[in-house]
Amino acid sequence: MNPETFSILHHSHDLRLSAWGPYTKRYMGISHIPDVSAGLRFDLSVFPGLYRRGVQPPNVLWESGYHPWEAAPDLSYFRHRHEVIWKDQVYCNIDFCRLDESAALIRTECVNRTDGPQSLSLYWMASLHFPPLRTYSSVPLQISRVSVPEGGVWVEALDYADVTLGFEAHRATLSYDGLLRGEIRAHGFTGERNPAWCGHLASEGYSVAGNVLAGEGVAKAMAAAFEASAEEPLAERLMRAVEAGRDAGGQPEGQNSAALLVHGAEPFPLVDLRVDLHDQPEAELRRLWDWFRPMVPYYVQRALTPTVPRWWQWRMDQVPGWRARHLG
């Protein structure tokens, strides 16, 4: 298909909706986001249950007894059906209607199709959610307090009405999860008592921070090396960032330690290397990492299946020309 066919869709979609809607990432109901720039979300979940029996809150991440039933195109009205007793023998419709930008109406309709009476309870659960570090994360952004020196000026990084990106992806105009266009969420704060040069850089999926550095160029060099090696394993990217920081000046007083720590899905680190009290810690860390790199899959497998062959047998199979010293 001709790419120009999609040109009419450029900047044609915008997910900015009403302050009221089904925006929760926890328990289904209605959410209120009164100020998008603040990032706070109020959730109110309403759901039924049999009286004095177990109750199943409507979790949005997995099946939990409710079904999206109908909705208006602008989400000014939407309904969820909660199945209390199997096959709609007892169910409850929960309707959410936006009255205006400051109020919403909630209506419930309970239906009993069994032969006898049923005792139901209606639960209301409210919660306030701060901006998360990542989507579906329970880790909120860390709040920092800044002391501005006399004569200093504090400028909010997100004080803009709109932003033009140098490279706009296909979803550039779709603002999701409370993010502003171009916003990058990451922990990052440099205290005023850190020795100069001190500071941090944050970008998509990573941050660089340091103090007692030769200058801001050290952090920028580390960030550039990390971004330029996107096709490499994470440990290699981190190693290159360390080397780039050293080559850009590092610490004026010199370095005497370096470390490489990478975690994956397993409950133990994939890479955990450290060099202390060394004249060239980055070079020594590079030597250790180059030796250990082909062994990462082996030690993961060994932790899960202790009956695997010895490490030197694995290494001889994986590293051409390498031979265990005890074999001569």
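The values are calculated or read from the model by the stated rules, or taken from the named source; none is laboratory data. Because the structure is a prediction, the values reported are computed rather than measured. Backbone-built Cβ (ideal geometry, glycine too); neighbour counts: all protein chains shown.
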Among the residues of the range 41-59, which ones are among the aliphatic types (A, V, I, L, M) and at pLDDT 90 or above?
Leu44, Val46, Leu50
Could you check Asp272 against (1) over 27 Å from Ala303 (Cβ atoms); (2) without any contact (Cβ under 8 Å) to a residue 24 or more places away in the chain and say which number it fails?
(1)
Within the range 30-64, track down each residue that is of a type in the set (Asp, Glu) and not in a loop (DSSP other than H, G, I, E, B).
Asp43
The residue from Thr135, Thr190 that alone is over 30 Å from Arg53 (Cα atoms), of a type in the set (Ser, Thr, Tyr) and modelled with pLDDT of 60 or more is Thr135
So which of Gln251, Gln255 is of a type outside the set (Val, Ile, Thr), touching a Pro at 6+ places or on another chain (Cβ under 9 Å) and assigned to a loop (DSSP other than H, G, I, E, B)?
Gln255
With the requirement that a residue be more than 22 Å from Tyr27 (Cβ to Cβ) and aliphatic (A, V, I, L, M), what does the range 91-110 give you?
Leu99
Within the range 263-299, the residues that are buried (at least 16 other Cβ atoms within 10 Å of the Cβ), farther than 26 Å from Gln313 by Cβ and of a type in the set (D, E, K, R) are Glu282, Glu284
Out of the residues in the range 72-89 meeting the condition of being surrounded by 13 or more Cβ atoms within 10 Å (Cβ to Cβ) and free of Cβ contacts under 8 Å to residues at least 40 places away in the same chain, tell me which one is farthest from the chain's Cα centre (by Cα).
Gln89
All positions within the range 104-139 that are in a strand (DSSP E or B) and touching an Asp or Glu at 6+ places or on another chain (Cβ under 9 Å)
Leu105, Ile106, Arg107, Thr108, Glu109, Val111, Met125, Ala126, Ser127, Leu128, His129, Pro132
Filtered residue count, the range 106-154, keeping only those that are surrounded by fewer than 10 Cβ atoms within 10 Å (Cβ to Cβ) and among the charged types (D, E, K, R):
3
Positions within the range 222-262 being farther than 18 Å from Ala283 by Cβ, in the same structural domain as Val296 (by TED's automatic domain parsing) and buried (at least 16 other Cβ atoms within 10 Å of the Cβ), in sequence order:
Val262
